[in-house]
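Read-outs: derived from the displayed coordinates by stated rules, not from any lab. All figures in this text were calculated on a predicted structure; none of them were measured in a lab. Neighbour counts run over all protein chains shown; Cβ positions are idealised from the backbone, glycine included.
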Amino acid sequence: MKTLRAYLIVASLIASSCTWLGQPTPQTFNERLATGYSLVTTVRNTAETLLLADKITPDDAQTVQDQANSARTALDVTRTLHSTEPLAADDRLSSIITGLKAIDAYLITQKE
């Protein structure tokens, strides 16, 4: 539980760092959706890089890729849902992005 809490704290810091670094925080649904897709790509690429550098095992890399696939599918469903249920889609999108940021935060800890 401590580890999960630490990852969520790191994910929050990453999210808040966008503004600190001069990057505008995504505001609209489409901007946030694009952020989600970008995070999927980041997670995939980071996992591949760490695998090639022997920082994570093939099983860990496959697990991350599977989670990225699930997140991508969830983003696609959320995009479709937004046209009929925008509030539910916004909530779902926030959850997906939080999960992707937690995976990314985990991968960052594996770089050391």
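Here are the numbers for the structure shown:
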read-out	value
Criterion: more than 18 Å from Glu112 (Cα to Cα), of a type in the set (A, V, I, L, M, F, W, C) and either within 13 Å of the chain's Cα centre (by Cα) or surrounded by 11 or more Cβ atoms within 10 Å (Cβ to Cβ) (or both) - qualifying residue of Ala61, Ala74, Ala47	Ala74
Candidates Thr84, Thr98, Thr80, filtered to the one that is surrounded by 12 or more Cβ atoms within 10 Å (Cβ to Cβ), more than 13 Å from Thr41 (Cα to Cα) and out of contact with any strand residue (DSSP E or B) (no Cβ under 6 Å at 6 or more places or on another chain)	Thr98
